[in-house]
Amino acid sequence: SAVISQKPSRDICQRGTSLTIQCQVDSQVTMMFWYRQQPGQSLTLIATANQGSEATYESGFVIDKFPISRPNLTFSTLTVSNLSPEDSSIYLCSVDKGGAWDGYTFGSGTRLTVV
Amino acid sequence: GDSVTQMEGPVTLSEEAFLTINCTYTATGYPSLFWYVQYPGEGLQLLLKATKADDKGSNKGFEATYRKETTSFHLEKGSVQVSDSAVYFCALSADNNDMRFGAGTRLTVKP
């Protein structure tokens with residue numbers, strides 16, 4: 001299975017600023033997924049990122065707030081913009097190396113606290 | 001739409017106790033079913049999976065059987081250890097692009 005390096009592992013940010021999260025995969029993957037895990041809750045898919053095309057966002061998530069880049073088949077970034085305390089969550093990237101039938105591989109997550 | 005309903009926690013057990021975490025699903029097709037585990041401060045790891053009815057997934061002493069007749073995929077372990085303390089997520093995928101997760105169940109095992 002793929003190995004994902006996600007950083008930063010945690011950050012504390014001021015309101016109104018932005019945080020960019022990076023995910024590097026050790027092999028080429030077609031699709032990368034970004035999830036949000038709010039405190040004590042399950043994972044919610046933010047968007048799906050394909051290389052060479054615009055990311056596909058889920059209902060309730062917009063590109064202006066969560067811009068995503070996918071410059072190549074091993075790397076992606078998620079930016080959380082104009083931060084508010086409600087954005088305090090864990091953000092995870094994942095890939096479906098081998099297809100979803102084999103399960104996704106996840107990064108270790110980024111714990112964001114907005115103050 | 002497809003969804004997963006998972007037993008609410010938290011669950012607290014003594015070491016060597018038997019564990020069951022219930023998971024039921026709703027899907028229009030024939031999904032694959034998964035259990036993921038999230039240890040404190042870490043991302044999710046795939047624990048086990050089953051891709052068709054009557055399949056049994058197993059790993060690290062954990063087991064779950066894909067029951068189509070009851071639309072269930074309950075997680076079991078005969079003797080839990082302190083190191084099993086984590087959050088467990090049931091999930092399904094009915095196609096290659098959409099993994100849906102349950103709410104998660106926090107397990108604490110006390111020595």
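Values for this structure:
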item	result
Hits in the stretch A:31-84 (condition: of a type in the set (S, T, N, Q), on the phi < 0 side of the Ramachandran plot and in contact (Cβ under 8 Å) with a residue 60 or more places away in the chain)	A:37, A:79, A:81, A:84
Residue A:73 being within 27 Å of residue B:88 (Cα to Cα), at pLDDT below 95 and out of contact with any helix residue (DSSP H, G or I) (no Cβ under 6 Å at 6 or more places or on another chain)	no
Condition broken by residue B:75, with the remaining ones in (1) open to solvent by 30 Å² or more (accessible area, probe 1.4 Å); (2) within 9 Å of the chain's Cα centre (by Cα) satisfied	(1)
Test set (1) open to solvent by 20 Å² or more (accessible area, probe 1.4 Å); (2) over 11 Å from the mean Cα position of the chain (by Cα); (3) within 12 Å of chain B (Cβ to nearest Cβ); (4) of a type outside the set (S, T, N, Q) - residue A:15 fails condition number	(3)
Verdict on residue B:49 being crowded, with 17+ Cβ neighbours inside 10 Å, free of Cβ contacts under 8 Å to residues at least 40 places away in the same chain and in contact with a strand residue (DSSP E or B) (Cβ under 6 Å, 6 or more places away or on another chain)	yes
Sole residue being in contact with a Phe, Trp or Tyr (Cβ under 7 Å, 6 or more places away or on another chain) and buried (at least 16 other Cβ atoms within 10 Å of the Cβ), chosen from A:68, A:90	A:68
In the stretch B:40-77, the residues that are within 14 Å of another protein chain (Cβ to nearest Cβ), assigned to a loop (DSSP other than H, G, I, E, B) and over 23 Å from residue A:90 (Cβ atoms)	B:51, B:52, B:55, B:66, B:73
Test: residue in the stretch B:3-22 that is farther than 28 Å from residue A:90 by Cα, of a type in the set (Gly, Ala, Ser) and either modelled with pLDDT of 95 or more or open to solvent by 20 Å² or more (accessible area, probe 1.4 Å) (or both)	yes
Residue check for residue B:65: open to solvent by 50 Å² or more (accessible area, probe 1.4 Å), of a type in the set (S, T, N, Q), over 22 Å from residue A:37 (Cα atoms) and free of Cβ contacts under 8 Å to residues at least 24 places away in the same chain	no
Residue within the stretch B:29-39 that is open to solvent by less than 70 Å² (accessible area, probe 1.4 Å), assigned to a strand (DSSP E or B) and hydroxyl-bearing (Ser, Thr, Tyr) present	yes
Enumeration of residues in the stretch B:78-98 that are open to solvent by less than 10 Å² (accessible area, probe 1.4 Å) and of a type in the set (A, V, I, L, M, F, W, C)	B:80, B:86, B:89, B:90, B:91, B:92
Of residues in the stretch A:79-105 being within 14 Å of chain B (Cβ to nearest Cβ) and within 10 Å of the chain's Cα centre (by Cα), the one farthest from residue A:29 (Cα to Cα)	A:90
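Condition check ((1) of a type in the set (Gly, Ala, Ser); (2) over 14 Å from the mean Cα position of the chain (by Cα); (3) under 28 Å from residue B:39 (Cβ atoms)) across all residues:
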| residue | (1), (2), (3) |
| --- | --- |
| A:71 | no, yes, no |
| A:76 | yes, no, yes |
| A:108 | yes, no, yes |
| A:112 | no, no, yes |
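The values are calculated or read from the model by the stated rules, or taken from the named source; none is laboratory data. No experiment lies behind these values; they were computed from the predicted model shown. Cβ: placed from backbone, ideal geometry, glycine included. Neighbour counts: every protein chain shown. Note: accessible area is taken over every heavy atom of the protein model, side chains too, but ligands, DNA and RNA are not part of it. Shrake-Rupley method; radii C 1.70, N 1.55, O 1.52, S 1.80 Å.
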